[in-house]
Amino acid sequence: MNIFADFNVRIIKAVQALDLKDGDGASPDLSRIAVEPPRDASHGDLATNAAMVLAKPTRQNPRALAERLAEALRADADIAAADVAGPGFVNLKLKDGFWQAHLTKLLGEGRNYGRSTVGGGRKANVEYVSANPTGPMHVGHCRGAVVGDTLANLMAFAGYDVTKEYVINDAGTQIDVLGRSVMLRYREALGEAISEIPAGLYPGDYLIPVGQALAKEFEHSLLQMPEDEALAIVKDRTIDAMMAMIRDDLALLNVHHDVFFSERTLHADNAKKIRSAINDLTLKGHIYKGKLPPPKGEKPDDWEDREQTLFRSTAVGDDLDRPLIKSDGTFTYFAADVAYLKDKVDRGFVDLIYVLGADHGGYVKRLEALARAIAGDEVKLTVLLCQLVKLFRDGEPVRMSKRSGDFVTLREVVEEVGRDPIRFMMLYRKNDAPLDFDFAKVTEQSKDNPVFYVQYASARCHSVFRQASEQLGEAKFDRNRLAAATALLADEGEISLIRKLAEYPRLIESAALALEPHRLAFYLYDLASSFHGHWNRGTDNPDLRFVKVNDRQLTHARLGLVQAVSDVLTSGLTLIGADAPTEMR
């Protein structure tokens, strides 16, 4: 039900009927023909660039070709007018009957309206959040969680086979530090006096219950074991406790992953998966032994002026080659990334999407290069970077959390303002733009608060039906009866609202293909604004009100329009992960 795709097909047929030829006498390439809303709504309902992209290859004047195309399109039964504008755009005005019929179809689709097959069932892996299991989720994770989760929802709605994934970074030095931090809390739970937490360990109070649980389970026995053996037990228990906390925190935000992938599995069996991935790259000619020049500026701690096993990533688009095995035979962190990406490819994913914080910008080229080396053109890898979120309360920066030690937890933010304002507002800027989040502004009830404005539109739709039920004495309004009356909608405001609804399927497809979930939040705000605007017209002019007691058929038609608005608002808010309320409290 994407009307833009529908008219693209119609326009291509009209172009083919013109029997155009390029300089070689062949039919011209029609793939660049696009149908979009015109920049100025007064110019019509649809605009196409067909004449402009075909003029040069067919050696014709673009405006003259546009006039020929416009003349052909005027024969279409749904087109009221076809006019040429600018250098060769063709603007189309559609008949009211087309919009009325489209609303009828929309009501038949219900909340499946906008669902698409553009993804073609492609297997997509969206990895997001993937915070180290060393503490509760903080607000820095919040934006990536919302962007990744909404994008996955959006892609699934657009026809992709999507897996939501979280990689548990449960290997490496940070886990050793975590284990030692909890050992300290364990001893504290056994009655030892613990003064200030030593530098380098995790100081947060959230580790106290973990230490207490260990003391209850093991009493003093951990202290009687060899240190490595005791630490291994502590790390396992702590990772489980931290992941339970993280899952609970994410659930507060309505974020639920399909897969939690343990990095430890890559290191199991003498790092079998890592060795296999490196061997695969070796067979493809991407691995060599050599030295790397020192990086410009300050040398990182892991830089070595010795021969190492290197990934020739510069041959596949990276800025520099990457070490995989150090001179002492140990693997680098990137070696695990190699095995993990290969594991995704082996699982059949062809779209690999990583949602990372802005501080991971240096990972983009190396991951893209790695995907090319492992799978060539068979997979598409995209990294989305989420810029920082700054918290304010009435314009003043929010202080850090006492419980966490040095950051504001996600739980604290959700408990103060609620899930829906967070999910909506984290999408109200593109992911690569900084975002200011003010606790006061996102909870105020005004047009200036986008999430309130959109949810208020949803509640208003339901209030219209309650009012209609009271005044008409109908307990329930059948969709088929509402759809059968849509031909009575003739007011320009009503038709304009149908036009806005008709943009939804195109929005779903374009946002999914571009991996830009923020477009959905913007669209919902625009739809809510259109609905509120039409409501206000009814306040000024009683003839335009949704409920007309003396004209039941017209009321049914208008209720059909309200139902359609409600369906799209509910659909969009559900994809965002927010509620579509039936009333505001």
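The values are calculated or read from the model by the stated rules, or taken from the named source; none is laboratory data. In this text, all values refer to a predicted model and were calculated from it rather than measured experimentally. Using ideal geometry, Cβ is built from the backbone for each residue, glycine included, and neighbour counts are taken over all protein chains shown.
Worth pointing out:
- Conditions (1) in contact with a Pro (Cβ under 8 Å, 6 or more places away or on another chain); (2) closer than 18 Å to Asn61 by Cα; (3) among the small types (Gly, Ala, Ser): number failed by Gly25: (1)
- If you check Gly538, Gly560 for being more than 23 Å from Tyr428 (Cβ to Cβ), of a type in the set (Gly, Ala, Ser) and modelled with pLDDT under 95, only one passes: Gly538.
- All positions within the stretch 282-296 that are assigned to a loop (DSSP other than H, G, I, E, B) and at pLDDT 95 or above: Lys284, Gly285, His286
- Residue among Leu46, Leu65 that is crowded, with 18+ Cβ neighbours inside 10 Å, over 14 Å from Asn91 (Cβ atoms), of a type in the set (A, V, I, L, M) and not assigned by TED's automatic domain parsing to the domain that holds Ile508: Leu65
- Check on Thr117, among the polar types (S, T, N, Q), under 21 Å from Asp19 (Cβ atoms) and either outside the structural domain of Thr570 (by TED's automatic domain parsing) or modelled with pLDDT of 95 or more (or both): no
- Subset of the stretch 369-411 [modelled with pLDDT under 90 and either more than 21 Å from Ala358 (Cβ to Cβ) or among the small types (Gly, Ala, Ser) (or both)]: Arg393, Asp394, Gly395, Glu396, Arg399, Ser401, Lys402, Arg403, Ser404, Gly405
- Subset of the stretch 516-541 that is among the hydrophobic types (A, V, I, L, M, F, W, C) and more than 30 Å from Leu384 (Cα to Cα) - its residue that is surrounded by the fewest Cβ atoms within 10 Å (Cβ to Cβ): Trp535
- Of all residue pairs spaced 6 or more apart or on separate chains, those with beta-carbon atoms under 7 Å, a first member in the stretch 85-100 that is in contact (Cβ under 8 Å) with a residue 40 or more places away in the chain and a second member that is basic (Lys, Arg) and not in a strand (DSSP E or B) are Trp99/Arg499.
- Scope the stretch 35-73; condition within 38 Å of the chain's Cα centre (by Cα) and of a type in the set (D, E, K, R); matching residues: Glu36, Arg39, Asp40, Asp45
- Single condition Lys476 does not satisfy, out of (1) in a loop (DSSP other than H, G, I, E, B); (2) at pLDDT 95 or above: (2)
- The residue of the stretch 329-346 that is surrounded by the most Cβ atoms within 10 Å (Cβ to Cβ), among those that are without any contact (Cβ under 8 Å) to a residue 60 or more places away in the chain and charged (D, E, K, R), is Asp337.
- Scanning the stretch 307-321 for residues that are part of a loop (DSSP other than H, G, I, E, B) and at negative phi yields a total of 6.
- Residues located in the stretch 155-205, provided they are among the hydroxyl-bearing types (Ser, Thr, Tyr), buried (at least 20 other Cβ atoms within 10 Å of the Cβ) and touching a residue at least 40 places away in the same chain (Cβ under 8 Å): Tyr160, Tyr166, Tyr186, Tyr202
- Look at (1) buried (at least 19 other Cβ atoms within 10 Å of the Cβ); (2) within 22 Å of Leu250 (Cα to Cα) and you find that Phe465 fails only one, number (2).
- Taking every residue in the stretch 253-269 that is under 25 Å from Lys235 (Cβ atoms) and pairing it with any residue that is among the basic types (Lys, Arg), at least 6 positions away or on another chain, the pairs with Cβ-Cβ distances below 6 Å are His257/Lys164; Leu266/Lys273.
- The lone exception for Asn125 - which of (1) surrounded by 23 or more Cβ atoms within 10 Å (Cβ to Cβ); (2) closer than 24 Å to Pro38 by Cα; (3) touching an Asp or Glu at 6+ places or on another chain (Cβ under 8 Å) it fails: (2)
- Sole exception among (1) touching a Pro at 6+ places or on another chain (Cβ under 6 Å); (2) outside any loop (DSSP other than H, G, I, E, B); (3) at pLDDT below 95 for Met243, by number: (3)
- Residue in the stretch 349-359 that is surrounded by 14 or more Cβ atoms within 10 Å (Cβ to Cβ) and in a helix (DSSP H, G or I) present: yes
- The stretch 225-259, subset hydrophobic (A, V, I, L, M, F, W, C) and surrounded by fewer than 16 Cβ atoms within 10 Å (Cβ to Cβ), residue farthest from the chain's Cα centre (by Cα): Met225
- Residue check for Val146: closer than 30 Å to Leu435 by Cβ and either of a type in the set (Lys, Arg) or in a helix (DSSP H, G or I) (or both): yes
- Extreme residue, farthest from Tyr128 (Cα to Cα), among residues of the stretch 362-394 that are among the β-branched types (Val, Ile, Thr) and touching a helix residue (DSSP H, G or I) at 6+ places or on another chain (Cβ under 8 Å): Ile374
- Matching residues, the stretch 177-204, being within 35 Å of the chain's Cα centre (by Cα) and aromatic (Phe, Trp, Tyr): Tyr202
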